[in-house]
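Working notes, structure below.
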2 protein chains.
Amino acid sequence: MPTADDTRASTPRAPRVTIRAVAEHAGVSRQTVSNAVNAPDRLSPTTLDRVRRSVAALGYRPDRAARALTSRRSGLIGIRVGATAHRTAAHPDRLLHELVAAARPHGYRFLAFDAPYGDDAAEIAAYAELLAAGDVDAVVVADTHPGDARPGWLAARGAAFVAHGRPWGDPDATHPWVDVDGALGVRLAVEHLAERGHRRIGFVGWPADGAGGDARRAAWREAAGALAGPDATAAADDPAAAARAVAPLLAGAGAAPTSLVCASDALALGALAAVADAGAVPGRDVAVTGFDDSDLASLPRPGLTSLRQPIRLVAQTLVEQVLDRLGVDLGRAPAPAGPVPPELVVRASSAAPAPAAVRALSA
Amino acid sequence: MPTADDTRASTPRAPRVTIRAVAEHAGVSRQTVSNAVNAPDRLSPTTLDRVRRSVAALGYRPDRAARALTSRRSGLIGIRVGATAHRTAAHPDRLLHELVAAARPHGYRFLAFDAPYGDDAAEIAAYAELLAAGDVDAVVVADTHPGDARPGWLAARGAAFVAHGRPWGDPDATHPWVDVDGALGVRLAVEHLAERGHRRIGFVGWPADGAGGDARRAAWREAAGALAGPDATAAADDPAAAARAVAPLLAGAGAAPTSLVCASDALALGALAAVADAGAVPGRDVAVTGFDDSDLASLPRPGLTSLRQPIRLVAQTLVEQVLDRLGVDLGRAPAPAGPVPPELVVRASSAAPAPAAVRALSA
């Protein structure tokens, strides 16, 4: 077991080379050295070169605190970590990783803070503290919802931000947002099942939410059209509830769906369990698709057909949009905000064609 | 779709109340104001009260950059985000959330950076940059491994750090570390299965790694003793490989294990698939246990018996240990470093007693 004393040395530092020392070495003002670090375009190439030689000769490293005082920039973007709705953010750790990777080439990093999930006021209080203290230059607002108070507060304050999630129920919002195109994903799943010969395609979603859940259900109704039976839909919040909600659909005798499009991988797990409980073989007798391409989809065997979010593209777009708001020169236009398409990943849960009886009936 | 111009206002700020204004208002020196913010114990209660009244009257907010210049503290702890080995960190997003929550009461936040997994040199380069620039005061080193170059580098530099993961193969390490007690977890699983009447308990782990995988396998051998058949062990890196590796064990006729302790939930999934492929019912005919209590264990039905890491305790201990190294007054001793016990969560994959035939044989 370690003891507490041995490496307590509390971060000694080498004597710091000051901006004054660099200025004297280069024979320029301290402001010129500061400009060389923070606004090199303000200097002539000759002067910039002279300062840079002195910086190299003395081993000067601009300290973030000093740099921040000069530039009023922390170089940090705030992001809340913690619980999310329905796990729709899917792999929050992977998203954070990709955000960090996308910001690094631009000299920005992420500051992680927490606030209770779904408590806009608490999260706004955290923003206020971070922005007022200059701890972050901008924030990424995650997991938007109807009536979301956060984007309006940030916009009114003139703060730089981008939303992960569209402005549900607020058609007048003008801030940049990035969101997976859930409706497109559901359409891809429906079309995939129709191509496999399925003629009765049900849907398992969340209870009405005025947001992504409703959008996915509406997309199913539209894409499935006549293939969606009148009552071939169930709503649940978790796998166990989904299994209970799906059982009556499967007991619908001749009108039972032969395939189920689900709004998440977790709900799809429940659907798979209900199929097995009904004495059918998931994937062979009743096809099931999920959404998120989480561990739940890819690791169990047989695998679950699902929709994969392009998390790297989402992260890159979020970063470029928010840096553009900060006036950072990206060298090109930022990746366009808006919906990003998910990709259908076909696995055994929908790999087989629809049962012959079903195809014959519907032929 | 949003346009790029409307809220580009690039973070206007209210005129900042300076430390000088507070000093003049309170009739004290600027150093005294600084002390009131950063070292209040250096001031008399009367002076401290006077400064605090001026701070409140003027609405002064100490700017992080200014504070950092004064205190040489960034108030940030660095942590790498990204891929991990075998997902043993289990729920990296939940760990980060708990770390952030544990640090907040002490005025510390986390800076997320990335580096390629398993590349010590790259991660050390990231530490060097962060520490030299004063971007972080300390780091949490995650996912330790045999021959790990990171703790030694940080210790030699005198940097404040704590490791999530023990110093594998380095008995002389003196830095604080926190790690789940994987061997204890395996013992708990073996004892649980023995109590259920199992008399042939196999093990599914990772290939030899000189670290946590080996420790879990050794713990199984020791705890299972005579209940571990001579060859009742398999090694694999993912669920599909685990299923292939387990199949021959189950074909071992009378000597086949009636239960399998697995080093992770992902490996346990493979074991469950192999049991089903062998025509047996997982949980009823052959019990299976996992490790991590991930979504893979808790969401599918029937659920997987698994071992849950006390992530909140792990995070709290990591934070308190590293803040103690930084000389932060916690008001008490930090939570003790070292191994932390996991908790057995029993679900249907091991809920049934061992098959009667097996119990009779072993009676």
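The values are calculated or read from the model by the stated rules, or taken from the named source; none is laboratory data. No experiment lies behind these values; they were computed from the predicted model shown. Every residue, glycine as well, gets a Cβ built from its backbone with ideal geometry; the counts of neighbours run over all protein chains shown.
Of the numbered criteria (1) at pLDDT 95 or above; (2) assigned by TED's automatic domain parsing to the domain that holds residue A:251; (3) of a type in the set (Gly, Ala, Ser), the one residue A:212 fails is (1).
The residue of the range A:166-178 that is surrounded by the most Cβ atoms within 10 Å (Cβ to Cβ), among those that are in contact with a His (Cβ under 8 Å, 6 or more places away or on another chain) and at pLDDT 95 or above, is A:178.
When A:358, A:328 are checked against the criterion of being modelled with pLDDT under 95, hydrophobic (A, V, I, L, M, F, W, C) and assigned to a loop (DSSP other than H, G, I, E, B), a single residue qualifies: A:328.
With A:332, A:308, A:325 as the choices, which residue is crowded, with 17+ Cβ neighbours inside 10 Å, basic (Lys, Arg), within 24 Å of the chain's Cα centre (by Cα) and within 14 Å of chain B (Cβ to nearest Cβ)? Talk me through it step by step, then tell me what you get.
Details: A:332 fails: crowded, with 17+ Cβ neighbours inside 10 Å; A:308 fails: within 14 Å of chain B (Cβ to nearest Cβ).
Exactly one residue qualifies, and that residue is A:325.
Taking the criterion of being part of a helix (DSSP H, G or I) and within 26 Å of residue B:296 (Cα to Cα), the residues of the range B:240-259 that qualify are B:240, B:241, B:242, B:243, B:244, B:245, B:246, B:247, B:248, B:249, B:250. Assess whether residue B:275 counts as being at pLDDT below 90, assigned by TED's automatic domain parsing to the domain that holds residue B:196 and not in a loop (DSSP other than H, G, I, E, B). When the stated conditions are applied, residue B:275 does not pass them.
Would you say residue A:225 is within 21 Å of the chain's Cα centre (by Cα) and small (Gly, Ala, Ser)? So residue A:225 does not fit the description; no.
Residues of the range B:90-138 that are among the hydroxyl-bearing types (Ser, Thr, Tyr) and modelled with pLDDT under 90: B:117 alone. Every test in (1) in a loop (DSSP other than H, G, I, E, B); (2) modelled with pLDDT of 85 or more is passed by residue B:12 save one, and that test is (2).
Taking first residues from the range A:293-305 that are on the phi < 0 side of the Ramachandran plot and within 11 Å of chain B (Cβ to nearest Cβ) and partners that are among the β-branched types (Val, Ile, Thr) and crowded, with 20+ Cβ neighbours inside 10 Å, the Cβ contacts under 8 Å between residues at least 6 apart in sequence or on separate chains come to A:297/A:305; A:304/A:288; A:304/A:289.
Table: residues versus (1) surrounded by fewer than 24 Cβ atoms within 10 Å (Cβ to Cβ); (2) free of Cβ contacts under 8 Å to residues at least 24 places away in the same chain.
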{"residue": "A:221", "(1), (2)": "yes, yes"}
{"residue": "A:226", "(1), (2)": "yes, yes"}
{"residue": "A:230", "(1), (2)": "yes, yes"}
{"residue": "A:234", "(1), (2)": "no, no"}
{"residue": "A:240", "(1), (2)": "yes, no"}
{"residue": "A:245", "(1), (2)": "yes, no"}
{"residue": "A:252", "(1), (2)": "yes, yes"}
{"residue": "A:267", "(1), (2)": "no, no"}
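State yes or no: is residue A:274 under 22 Å from the mean Cα position of the chain (by Cα), crowded, with 24+ Cβ neighbours inside 10 Å and within 14 Å of another protein chain (Cβ to nearest Cβ)? So residue A:274 does not fit the description; no. Every listed requirement among (1) part of a helix (DSSP H, G or I); (2) within 14 Å of another protein chain (Cβ to nearest Cβ) is met by residue A:237 save one, (1).
Please name all residue pairs, on different chains or six or more residues apart, with Cβ atoms under 7 Å, provided the first residue is in the range B:311-322 and is at negative phi and the second residue is among the aromatic types (Phe, Trp, Tyr) and surrounded by 20 or more Cβ atoms within 10 Å (Cβ to Cβ). Listed by first residue and then by second, the contacts come to B:322/B:161. Among the residues of the range A:338-349, not a single one is free of Cβ contacts under 8 Å to residues at least 12 places away in the same chain, buried (at least 18 other Cβ atoms within 10 Å of the Cβ) and assigned by TED's automatic domain parsing to the domain that holds residue A:260. Considering the conditions (1) crowded, with 22+ Cβ neighbours inside 10 Å; (2) among the aliphatic types (A, V, I, L, M); (3) more than 10 Å from chain B (Cβ to nearest Cβ), residue A:149 is excluded by exactly one of them, (1). Residue-level analysis places residue A:107 among those that are closer than 20 Å to residue A:330 by Cα and more than 15 Å from the chain's Cα centre (by Cα). Just a yes or no: is a residue in the range A:118-136 among the small types (Gly, Ala, Ser), more than 10 Å from chain B (Cβ to nearest Cβ) and surrounded by 21 or more Cβ atoms within 10 Å (Cβ to Cβ)? Within the range A:118-136 (the criterion being among the small types (Gly, Ala, Ser), more than 10 Å from chain B (Cβ to nearest Cβ) and surrounded by 21 or more Cβ atoms within 10 Å (Cβ to Cβ)), the answer is no, since none of the residues qualifies.
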